[in-house]
There are 2 protein chains.
Amino acid sequence: MDETVDNKQIVLKEYIRGYPKESDMATQVSKMSLKVPHGSNGIVVKNLYLSCDPYMRSRMTKSTAVYVEAFTPGQPIVGYGVAKVVDSGTPKFKKDDLVWGMTGWEEYSLITNTDTLFKIEHTDVPLSYYTGLLGMPGMTAYAGFYEVATPKKGEYVFISAASGAVGQLVGQFAKLFGCYVVGSAGSKEKVDLLKNKFGFDEAFNYKEEKDLAAALKRYFPDGIDIYFENVGGKMLDAVLLNMRPHGRIAVCGMISQYNLENPEGVHNLTQVIVKRLRVEGFLVFEYYHLYPKFLEMVLPYIKEGKINYLEDTAEGLESAPAALIGLYSGRNIGKQVVVVARE
Amino acid sequence: MDETVDNKQIVLKEYIRGYPKESDMATQVSKMSLKVPHGSNGIVVKNLYLSCDPYMRSRMTKSTAVYVEAFTPGQPIVGYGVAKVVDSGTPKFKKDDLVWGMTGWEEYSLITNTDTLFKIEHTDVPLSYYTGLLGMPGMTAYAGFYEVATPKKGEYVFISAASGAVGQLVGQFAKLFGCYVVGSAGSKEKVDLLKNKFGFDEAFNYKEEKDLAAALKRYFPDGIDIYFENVGGKMLDAVLLNMRPHGRIAVCGMISQYNLENPEGVHNLTQVIVKRLRVEGFLVFEYYHLYPKFLEMVLPYIKEGKINYLEDTAEGLESAPAALIGLYSGRNIGKQVVVVARE
Ligand SMILES: NC(=O)c1ccc[n+]([C@@H]2O[C@H](COP(=O)([O-])OP(=O)(O)OC[C@H]3O[C@@H](n4cnc5c(N)ncnc54)[C@H](OP(=O)(O)O)[C@@H]3O)[C@@H](O)[C@H]2O)c1
Ligand SMILES: NC(=O)c1ccc[n+]([C@@H]2O[C@H](COP(=O)([O-])OP(=O)(O)OC[C@H]3O[C@@H](n4cnc5c(N)ncnc54)[C@H](OP(=O)(O)O)[C@@H]3O)[C@@H](O)[C@H]2O)c1
């Protein structure tokens with residue numbers, strides 16, 4: 001029997017320019033079969049938790065200059081999420097399996113390409129963690145810090161957007177590794193979290209600093225060995241002036257630039273020569289083969305209480321557009337998750 | 001007997017701002033003993049060839065942001081050169097030895113720190129080559145290309161300021177290595193040299209291109225794997241848009257920025273993430289331990305006629321200021337050398 005249900009969806013109305021607004025997205029209801037179509041080796045899932053991630057902005061614009069395809073207007077937004085298998089056309093997954101990976105911003109999704117999905121094996125942690133700590137942002141922090149930044153014990157590490165999904169983890173990995181860690185964030189509350197919950201050595205509110213280079217000089221009188229770059233623009237310029245010889249900049253993101261029609265100019269790049277810096281960009285999906293190794297490291301940390309993790313939870317699919325655009329004004333405190341259903 | 005001679009010198013008059021002018025330097029004559037002072041383990045040399053190098057601009061300004069000390073106004077300018085030992089206070093060198101390394105812009109110099117000097121062992125090539133092909137710029141091309149850019153056979157290589165001391169060699173090393181090589185330079189004559197004398201696959205005059213990104217697209221329809229960066233600013237911005245995934249930018253210099261009070265902004269740095277680029281700065285002196293290995297590679301190339309090399313020779317110490325400032329307007333065609341004496 002073909003069970004058909006109403007399926008609430010969040011769609012992008014049309015391609016945008018500049019900062020995204022709630023009204024760029026709309027809720028619609030369509031019909032959806034909960035059975036995998038005959039002959040398909042896809043799966044039908046019930047979406048539980050959806051992830052709001054900064055890179056999603058790039059999919060709201062048609063551009064040839066990015067690595068992911070643009071969304072299709074009128075179709076549900078696509079993003080990372082945690083979901084439960086309702087019906088399966090592949091031996092890889094069976095009914096009631098839990099998965100994380102690319103899904104749709106809707107109650108139920110038919111996922112035809114299951115290659116990029118991860119089966120969730122450890123369920124003694126909150127499932128929503130697979131949108132963050134145990135999912136893409138966790139892997140980003142892991143790959144960026146250990147693989148790209150090549151840290152040494154005792155080094156001086158600076159992290160921007162430090163209280164966010166990725167930043168809070170990089171900071172804690174760096175502390176556990178034996179580094180001195182300072183983070184920047186956009187409010188007093190976030191700065192307090194960095195120092196008190198996430199164990200950063202120091203933190204500051206970049207919005208209250210007139211001279212970012214001077215602020216960094218205060219926290220790093222001897223300079224920065226590793227900059228975990230989430231922000232770009234003026235912060236990068238200030239960091240360049242404060243790097244130590246042979247420093248490394250792991251370029252994870254530049255969120256301050258994503259909504260600008262004309263990106264800001266970065267002026268201090270001669271420092272790359274003078275200080276012999278390595279500035280290296282990376283994309284997390286090229287490191288997913290390390291996921292088992294990552295879990296091996298991070299699951300014990302969680303169990304031993306060595307890692308703290310903070311989520312910002314928006315309730316209900318309808319709250320997703322506001323949650324997503326909130327990333328670009330710093331509304332989220334910790335990893336931004338949308339709860340579609342709890343099981 | 002203490003032999004004292006008149007010693008012509010080029011001095012920096014005072015610290016400068018903006019573009020250097022000939023009148024920022026002056027010629028003076030002082031007295032000089034040709035004997036090493038009692039108790040000194042330095043050497044007295046007769047300077048033969050002096051090297052004009054772009055980085056020298058940074059020593060004409062008092063700044064904390066650079067890796068070399070500023071010149072001392074009223075004292076001879078310091079730079080790379082080829083010299084002949086006149087008297088020695090160290091067993092490392094004896095009278096009539098030929099050396100290359102840091103010396104003064106004057107007829108005779110007392111060099112107290114001989115640690116950074118290289119003894120010239122191969123004299124079956126023009127001695128002036130030790131200011132370029134077989135000296136610091138040669139080592140720069142070698143280290144930047146092989147060590148920093150980590151080339152693979154068949155890769156697409158772009159070089160800016162390509163007809164200069166460093167660029168002409170990088171291009172030839174890259175061709176010998178099996179890469180596809182395109183260079184940019186500032187005149188038709190230089191473009192012809194790149195194609196006809198140095199064997200580049202293609203070359204263009206950047207001054208005649210309104211849209212540098214479009215020009216690069218023309219020469220690299222599939223993108224650039226390696227950019228050997230000598231110029232910075234607008235060229236870097238255009239290159240970023242044309243890099244291939246996992247491309248590398250060996251940041252050797254940014255001559256377009258050295259004379260600006262406010263460096264230009266580079267706008268396309270999000271490409272570092274999107275393309276997963278490695279942008280790495282280096283300074284040649286950290287690679288001098290490879291000099292023997294470099295000679296082993298390059299001397300046979302020279303003997304077999306596999307490398308062409310072009311110098312631009314200014315005659316006489318008095319011509320040095322004009323030769324130096326000519327670097328910043330592209331007056332030099334090939335490596336800029338100043339002949340003080342031929343032996
Ligand atoms: N390379 C990869 O594969 C990869 C993977 C995942 C994420 N990323 C990147 O990593 C960065 C962090 O992502 P996340 O998921 O951890 O997001 P997040 O930090 O949880 O959320 C974004 C945060 O960025 C800050 N922000 C927003 N606009 C800003 C601006 N103009 N200037 C400075 N800060 C601003 C806000 O915090 P404040 O209140 O502190 O301003 C906001 O809370 C992003 O750049 C993202 O694109 C890259
Ligand atoms: N990292 C290191 O250890 C190291 C060592 C040596 C050299 N370097 C750097 O390598 C680069 C090349 O040095 P070189 O000795 O080979 O010098 P060069 O190329 O022989 O001479 C400088 C050339 O730069 C070009 N130029 C000048 N102003 C420019 C501008 N505003 N825009 C574009 N091009 C400009 C001119 O050629 P056009 O006619 O083509 O414009 C000029 O002939 C420099 O940036 C230098 O600082 C670095």
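The values are calculated or read from the model by the stated rules, or taken from the named source; none is laboratory data. Bear in mind the structure is a predicted one, so any value in this text is a computation, not a measurement. FYI the Cβ positions are ideal-geometry reconstructions off the backbone, even for glycines, and counts take in every protein chain you see.
What pairs can you find where one residue is in region B:242-262 and more than 9 Å from every other protein chain (Cβ to nearest Cβ), the other is among the aliphatic types (A, V, I, L, M) and near ligand 2 (Cβ under 8 Å from one of its atoms), and their Cβ atoms are less than 6 Å apart, with a gap of 6+ or different chains?
Final answer for the pair search is B:ILE255/B:VAL231; B:SER256/B:VAL231.
Filter region B:71-92 down to the residues that are within 22 Å of B:GLU3 (Cβ to Cβ), in a loop (DSSP other than H, G, I, E, B) and of a type in the set (Gly, Ala, Ser) and list them by number.
Once the filter is applied, which keeps residues that are within 22 Å of B:GLU3 (Cβ to Cβ), in a loop (DSSP other than H, G, I, E, B) and of a type in the set (Gly, Ala, Ser), region B:71-92 yields only B:GLY89.
Determine, yes or no, whether A:LYS303 is more than 14 Å from ligand 1 (Cβ to nearest atom), touching a Lys or Arg at 6+ places or on another chain (Cβ under 8 Å) and farther than 17 Å from A:LYS197 by Cβ.
No; evaluated as a whole, the condition is false for this residue.
I want to confirm something. Restricting to region B:263-280 and keeping residues that are within 22 Å of A:LYS234 (Cβ to Cβ) and within 25 Å of the chain's Cα centre (by Cα), which single residue is farthest from the other protein chains (Cβ to nearest Cβ)?
This residue is B:GLU264.
Restricting attention to region B:52-70, and to residues there that are at pLDDT 95 or above and part of a loop (DSSP other than H, G, I, E, B), which single residue is surrounded by the most Cβ atoms within 10 Å (Cβ to Cβ)?
Of everything passing the filter in region B:52-70, B:CYS52 is surrounded by the most Cβ atoms within 10 Å (Cβ to Cβ).
Just wondering, is there one or more residues in region A:293-303 that are among the basic types (Lys, Arg), farther than 19 Å from A:GLY101 by Cα and in a loop (DSSP other than H, G, I, E, B)?
no
Looking at this structure, is B:VAL36 surrounded by 19 or more Cβ atoms within 10 Å (Cβ to Cβ) and within 16 Å of ligand 2 (Cβ to nearest atom)?
No, not satisfied.
Does any residue of region A:314-321 turn out to be in a strand (DSSP E or B) and away from chain B (no Cβ under 14 Å)?
yes
Pick from A:LYS234, A:LYS175, A:LYS217: which is modelled with pLDDT of 95 or more, within 15 Å of ligand 1 (Cβ to nearest atom) and either within 22 Å of A:ASP312 (Cβ to Cβ) or not assigned by TED's automatic domain parsing to the domain that holds A:ALA323 (or both)?
A:LYS234
Might you check whether a residue that is within 16 Å of ligand 1 (Cβ to nearest atom), assigned to a helix (DSSP H, G or I) and not charged (D, E, K, R) occurs anywhere in region B:252-270?
Yes, because at least one residue in region B:252-270 is within 16 Å of ligand 1 (Cβ to nearest atom), assigned to a helix (DSSP H, G or I) and not charged (D, E, K, R).
Consider B:GLY232 against the criteria (1) among the small types (Gly, Ala, Ser); (2) more than 9 Å from chain A (Cβ to nearest Cβ); (3) within 22 Å of the chain's Cα centre (by Cα): it satisfies all of them except one. Which criterion is unmet?
(2)
Using the structure shown, decide if A:GLY326 is out of contact with any helix residue (DSSP H, G or I) (no Cβ under 7 Å at 6 or more places or on another chain), at positive phi and away from every other protein chain (no Cβ under 11 Å).
In short, no.
Does region A:263-290 hold any residues that are under 18 Å from B:VAL148 (Cβ atoms) and touching a residue at least 24 places away in the same chain (Cβ under 8 Å), and which are they?
Passing the criteria: A:LEU269, A:GLN271, A:VAL272, A:LYS275, A:ARG276, A:LEU277, A:ARG278, A:VAL279, A:GLU280, A:GLY281.
So which of A:LYS275, A:LYS335, A:LYS303 ends up being basic (Lys, Arg), under 30 Å from A:SER23 (Cβ atoms) and either buried (at least 21 other Cβ atoms within 10 Å of the Cβ) or not assigned by TED's automatic domain parsing to the domain that holds A:ILE120 (or both)?
A:LYS335
Go through (1) more than 10 Å from chain A (Cβ to nearest Cβ); (2) in a helix (DSSP H, G or I) and name the single condition B:GLN336 misses.
The one condition B:GLN336 does not meet is (2).
Would you be able to say whether some residue in region B:57-68 is within 14 Å of chain A (Cβ to nearest Cβ), among the basic types (Lys, Arg) and in contact with a Gly (Cβ under 9 Å, 6 or more places away or on another chain)?
Taking every residue of region B:57-68 in turn, at least one turns out to be within 14 Å of chain A (Cβ to nearest Cβ), among the basic types (Lys, Arg) and in contact with a Gly (Cβ under 9 Å, 6 or more places away or on another chain).
Taking B:TYR287 and the conditions (1) within 17 Å of the chain's Cα centre (by Cα); (2) assigned to a loop (DSSP other than H, G, I, E, B); (3) within 14 Å of chain A (Cβ to nearest Cβ), which numbered condition does it fall short on, given that it satisfies the others?
It fails just one condition, (2).
So that you can scan it fast, the table gives a plain yes or no per residue for (1) in contact with an Asp or Glu (Cβ under 8 Å, 6 or more places away or on another chain); (2) under 24 Å from B:PRO245 (Cβ atoms):
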{"residue": "B:GLN168", "(1), (2)": "no, no"}
{"residue": "B:ALA174", "(1), (2)": "no, yes"}
{"residue": "B:PHE177", "(1), (2)": "no, yes"}
{"residue": "B:VAL182", "(1), (2)": "yes, yes"}
{"residue": "B:GLY186", "(1), (2)": "no, no"}
{"residue": "B:ASP192", "(1), (2)": "no, no"}
{"residue": "B:PHE198", "(1), (2)": "no, no"}
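For region A:181-200, enumerate the residues that are of a type in the set (Lys, Arg) and either more than 22 Å from A:TYR328 (Cβ to Cβ) or near ligand 1 (Cβ under 9 Å from one of its atoms) (or both).
The answer is A:LYS190, A:LYS195, A:LYS197.
In region B:242-271, what residues are among the small types (Gly, Ala, Ser) and surrounded by fewer than 21 Cβ atoms within 10 Å (Cβ to Cβ)?
Residues satisfying the conditions are B:SER256, B:GLY265.
Can you give me the number of residues within region A:106-140 that are part of a loop (DSSP other than H, G, I, E, B) and surrounded by fewer than 23 Cβ atoms within 10 Å (Cβ to Cβ)?
Total meeting the criteria: 14.
Yes or no: A:THR116 at pLDDT below 95 and within 16 Å of ligand 1 (Cβ to nearest atom)?
So A:THR116 passes the test.
Which condition number in (1) part of a strand (DSSP E or B); (2) surrounded by fewer than 19 Cβ atoms within 10 Å (Cβ to Cβ); (3) in contact (Cβ under 8 Å) with a residue 24 or more places away in the chain is the one that A:GLN28 fails?
A:GLN28 satisfies all of (1) part of a strand (DSSP E or B); (2) surrounded by fewer than 19 Cβ atoms within 10 Å (Cβ to Cβ); (3) in contact (Cβ under 8 Å) with a residue 24 or more places away in the chain except (3).
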